[in-house]
Ligand SMILES: NC(=O)c1ccc[n+]([C@@H]2O[C@H](COP(=O)([O-])OP(=O)(O)OC[C@H]3O[C@@H](n4cnc5c(N)ncnc54)[C@H](O)[C@@H]3O)[C@@H](O)[C@H]2O)c1
């Protein structure tokens, strides 16, 4: 029997309580602290979950030698300084997506975790969903053929963030899924975004990615859509997939559809012609287990600490997502110009974000309601 892993959760707003629920119910883990600057939020989590202590003082959490790991679920501009403080205090670290706002900061945090032999998990929750795991498995098996394209829509009537735009809020999901399925990064990115609300960041963005060869991806993100859509289409050269995260029963559908090209000699013109024949075979939906992705992420985090190995959604995964986001942000600021992903490696690309403010109340600056 291991001693329980004691985890502190910093940030008890929208997402933090989901972490507290999963950390407090996972075997072998306990929530040592819930920490937030907002006393009301601390009261709420203390009432709902098994939490040993609540505090507004991060220093109290970091000074406690019985705390093994800290999870950060605060807004993006605060990630960098909180994450660094956690690692310097010798605690394992869970950071919500996206890891940080610049490539340089992501590289520094990944290096710090490595130097101190601490685990760093970036919560790209979708990597742990049974649907994404199945899609990766299908493409890895070769039965889908080569990936030709990703096409995804992730829109809803969402929260307008004060500190980051729709790209940094929603794109980490699709980028991490694409990276996980493909095992590689795009060569270049073009992003086009619009602000429809004065004083607020971009609420709509179209992002295109080009990879080596003919592989392309296109993602559409919006906080200003009348309905919620979470739909990804992945074209394989042999079969195609539709992943609809809002479907209850058949989230993933595999289509045995596509085109076959045959080259034939044309009698009339004495030239080679391409004949396209359409293939329209079965549609099937693989069985997916119903385990909550976040509980699998929590188990992986705990196992990575106990076993001294990298978690699936590692610092490297988080860094790679930030690389593509930074290139996309750069493109967005240049009205969609294609921007290379690799040249941003190690750059000091400036955050488009305001300086972190310890008293920031993101909940005070949300003009629109949450989509149901
Ligand atoms: N993995 C996912 O699917 C997922 C989903 C939603 C949000 N997130 C991520 O979770 C993070 C938080 O998002 P949210 O929507 O919960 O934000 P939120 O604004 O609802 O909550 C943030 C909380 O952090 C607190 N806070 C801010 N600075 C603090 C500090 N210095 N010390 C202690 N508490 C502090 C605020 O008081 C607030 O209660 C973001 O990085 C977001 O991208 C991830």
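Each value in this text was obtained by applying a stated rule to the coordinates, not by laboratory testing. Since the structure is predicted, the reported quantities are computational estimates derived from the model, not experimental observations. Every residue, glycine among them, receives a Cβ derived from its backbone with ideal geometry; neighbour counts consider all protein chains shown.
I'd like the distance between the alpha-carbon centres of region 153-176 and region 199-230, rounded to an integer number of Å.
Region 153-176 and region 199-230 have Cα centres spaced 9 Å from each other.
Want the number for residue 244 to residue 275: 0.36 nm per residue separation, take away the alpha-carbon distance, what's left?
Extending this stretch completely gives an extra 7.9 nm.
Tell me, what are the semi-axes, in whole angstrom and largest first, of the equivalent ellipsoid of region 229-333 as set by the roots of 5 times the Cα gyration tensor eigenvalues?
They are 41, 22, 15 Å, listed largest first.
Can you give the angle from 0 to 90° between the axis of helix 16-25 and the longest principal axis of the chain, with both taken from C-alpha atoms, to the nearest 10?
80
Among 67-73, 258-264, how do they line up by average Cβ neighbours within 10 Å per residue, starting with the highest?
67-73, 258-264
Among 146-156, 7-17, how do they line up by average Cβ neighbours within 10 Å per residue, starting with the highest?
Top to bottom by mean Cβ count within 10 Å: 7-17, 146-156.
Helix-only mean residue ellipticity at 222 nm, the chain, DSSP H runs n ≥ 4 weighted -39,500 (n - 2.57), per residue, nearest 500. What is it?
Here the helix-only value at 222 nm equals -9500 deg cm²/dmol.
Percent of Cα-Cα pairs more than 35 Å apart in the chain, please.
Of all Cα-Cα pairs in the chain, 28 percent lie more than 35 Å apart.
Which whole-number percent of Cα pairs in region 172-237 have a distance greater than 21 Å?
On the way: 667 of 2145 pairs.
The answer is 31 percent, as a whole percent.
Enter the angle in degrees (range 0 to 90, nearest 10) between the Cα long axis of helix 130-140 and the first principal axis of the Cα atoms of the chain, meaning the one along which they spread out most.
Computed tilt is about 40 degrees.
Evaluate the relative contact order of region 140-274 (contact order divided by residue number), counting alpha-carbon pairs under 8 angstrom at least 6 apart; express in whole percent. Walk me through the numbers on the way to the answer.
Values: 263 pairs, mean separation 40.0, N = 135.
It rounds to 30 percent for region 140-274.
Running Debye on region 252-294 with equal point scatterers at the Cα sites and no solvent, what base-10 log of I(q)/I(0) appears at q = 0.18, 0.25 Å⁻¹?
Relative scattering, expressed as log10 I(q)/I(0), comes to -0.68, -0.87.
Over what distance in Å are the Cα centres of region 273-325 and region 84-144 separated?
Result: 12 Å between the Cα centres.
Report the relative contact order of region 18-58, percent, no decimals, based on alpha-carbon pairs under 8 angstrom and at least 6 residues apart.
In percent, rounded to a whole number, it is 42.
Only bridges with both residues in the chain count here: give the DSSP antiparallel percent, nearest 5.
Bridges in the chain are about 60 percent antiparallel.
Using 5 Å bins from zero, what percent of all Cα-Cα pairs in region 1-125 falls into each bin?
Using 5 Å bins, I get a P(r) of 2, 12, 24, 25, 21, 11, 4, 1, 0 for region 1-125.
Give me D for region 141-188 in µm² s⁻¹, whole number, from Stokes-Einstein with Rh from the Kirkwood sum over alpha-carbon pairs, 4 °C and 1.567 mPa s.
100
What is the fewest-to-most order of 249, 144 by other Cβ atoms lying within 10 Å of their Cβ?
Fewest-to-most ranking of 249, 144: 249, 144.
Defining a contact as two alpha carbons under 8 Å apart and six or more residues distant in sequence, what relative contact order in percent does the chain show?
20
When the chain is treated as a GNM, springs tying every alpha-carbon pair under 10 Å, which of 169, 64, 38 comes out with the largest mean-square fluctuation?
Sorting by GNM fluctuation, first place goes to 64.
Expressed in whole Å with the largest first, what are the equivalent ellipsoid semi-axes of region 94-228 derived from the C-alpha gyration tensor as the square root of 5 times each eigenvalue?
Sorted largest first and rounded, they come to 25, 23, 15 Å.
Among 209, 127, 182, determine the one that fluctuates most according to a GNM of the chain built with springs between C-alpha atoms less than 10 Å apart.
So, out of 209, 127, 182, the one fluctuating most is 182.
Angle check, please: helix 76-88 long axis (alpha carbons) against the longest principal axis of the chain (alpha carbons), in degrees 0 to 90, nearest 10.
That works out to roughly 60 degrees.
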